[in-house]
Amino acid sequence: MPSSRGTAIVLGALIVLVTACSGTDSKPRLELSTPLPAIAANVLAQRGTIVESKPAQLPDDVMAKIGQASTVVYRSVSGYDGKASEVAGTVFVPKGSPPDGGWPVIAYAHVTTGTTVDCGPSLSADLRGTASSIAPIVESGFAVAMTDYQGLGHPGGHPYLEPKTAAFDVIDSVRALRNVYPNVSTRWLAFGSSQGGQAAWAANEYAADYGTGLDFLGSISIAPPADFTGYAVAAESETLTPGQILFMPLIIAGLQVVHPDLQPSDYLRGVALNDQLALTSCTTPEAANKKALFGELNSAQVRPSSKEAADRLVGWLKDSALPQRRASGPMFVVNGSLDDVVLPAWVSSAVSRACEAGDTIIHREIADRGHTDVDGGEEMYAWIRDRFTGAEAPSNCP
């Protein structure tokens, strides 16, 4: 629950919000038009179809709160080349009878786990720690679709933080959920934190055309790496924070899926290069030593080897930056003022560009919170409820 001080801040912000939303906005809009990749008609037709499905084996305390859950492999599309992919995930429905129109849906996009197949949440009994967070959502009356993302939980390279692939995986997880459990609504909302926050934001941008046949309502993005181009700049100047250094082996592994000609040695050296598998995997024998290896990483090990390499990295990360197009629905974005992984300025800049494009956004930067302990509180939960009841979405864009 928010403190009385926090409540006062929220109420004050809402007053400002109403004032800001009145009147006519005559400012020119930022034009964003990143297209979908070329996707064959037969690949589009197969999105969300089920390749494999079996009852999920989850902890007893989780199963007690839900109706049913299944581990699935479903068809989707790689956003960087438009080719067919198969993606693992887990889908849930509540107990009891659904409301008219079916169970409303939340597509849950998970945080970073790693970049190798063994890091898929669907392979873990507690979904890599996510099951305890999903159970209360299902218990409150929502069907939930959680993608593992391409390359996690099922063979196929994981293009870590490539936004179109993440968006497609999230959207098609809703299709997969509805194919397993027909008593589920077409009405859905995307929710995610960290890597999942970026995925939820990207899903919002691509829902209008890629998400045809579904009724998209909006997205929640917590601490999203919407634009992490700053990683490249800070890596070159050796000013990455300790938290950011840990992510560079993952970023390079993900980029190599999209850009096979990338040479990891141009960006990693020492432990970061020699132990990259340990640093990016979850259950491999090498991963057992991951925590100790984290302590050996430093900024010199993740510095680009040349100005040319640094410039390539900047270009690749710009290609992944959000926003890429107008959002399909409203957004709620929240981050912490003390986040040393996704810097607050990076989030604010991405939100500002999305506002310039004409998106409807509530953005909250929570004081004294970092990357993993930030939450939108009651305002965020009320925002979710309002999307499903059809209330007009607010915005605090300038």
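The values are calculated or read from the model by the stated rules, or taken from the named source; none is laboratory data. Here the structure is a predicted model, which is why all the values come from computation and not from measurement. Note that we place each Cβ from the backbone using ideal geometry, even for glycine, and neighbour counts take in every protein chain shown. For the accessible areas, the whole protein counts, side chains as well, though only heavy atoms, and no ligand, DNA or RNA atoms are used. Shrake-Rupley method; radii C 1.70, N 1.55, O 1.52, S 1.80 Å.
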Quick one: Leu297 ticks every box in (1) touching a strand residue (DSSP E or B) at 6+ places or on another chain (Cβ under 7 Å); (2) in a loop (DSSP other than H, G, I, E, B); (3) more than 30 Å from Leu36 (Cα to Cα) except a single one, so which number is it?
(1)
Turns out the strands (runs of 3 or more DSSP E) fully within segment 41-96 with at least 2 residues that are touching a Ser or Thr at 6+ places or on another chain (Cβ under 7 Å) and small (Gly, Ala, Ser) are 68-77, 84-93
Right, Pro55: under 30 Å from Ser395 (Cα atoms), open to solvent by 60 Å² or more (accessible area, probe 1.4 Å) and without any contact (Cβ under 8 Å) to a residue 24 or more places away in the chain or not?
no
Can you name every residue in segment 299-326 that is open to solvent by 20 Å² or more (accessible area, probe 1.4 Å), of a type in the set (A, V, I, L, M, F, W, C) and within 18 Å of the chain's Cα centre (by Cα)?
none
Mind checking which residues of segment 235-273 are without any contact (Cβ under 8 Å) to a residue 60 or more places away in the chain and open to solvent by less than 10 Å² (accessible area, probe 1.4 Å)?
Met248, Pro249, Ile252, Leu262, Tyr267, Leu268, Ala272
Considering only segment 214-242, how many residues are of a type outside the set (S, T, N, Q) and either modelled with pLDDT under 95 or closer than 22 Å to Ser352 by Cα (or both)?
15
Could you check, for segment 63-73, whether at least one of its residues is modelled with pLDDT of 95 or more and either buried (at least 24 other Cβ atoms within 10 Å of the Cβ) or on the phi > 0 side of the Ramachandran plot (or both)?
yes
The condition from (1) of a type in the set (A, V, I, L, M, F, W, C); (2) over 26 Å from the mean Cα position of the chain (by Cα); (3) more than 20 Å from Pro159 (Cβ to Cβ) that Phe216 misses is numbered (2)
Hey, can you tell me all the residues within segment 26-50 that are within 29 Å of Ser320 (Cα to Cα) and without any contact (Cβ under 8 Å) to a residue 60 or more places away in the chain?
Pro28, Pro35, Ala38, Ile39, Ala40, Ala41, Asn42, Val43, Leu44, Ala45, Gln46
Single unsatisfied condition, Ala345 versus (1) surrounded by fewer than 18 Cβ atoms within 10 Å (Cβ to Cβ); (2) among the hydrophobic types (A, V, I, L, M, F, W, C); (3) in a loop (DSSP other than H, G, I, E, B):
(3)
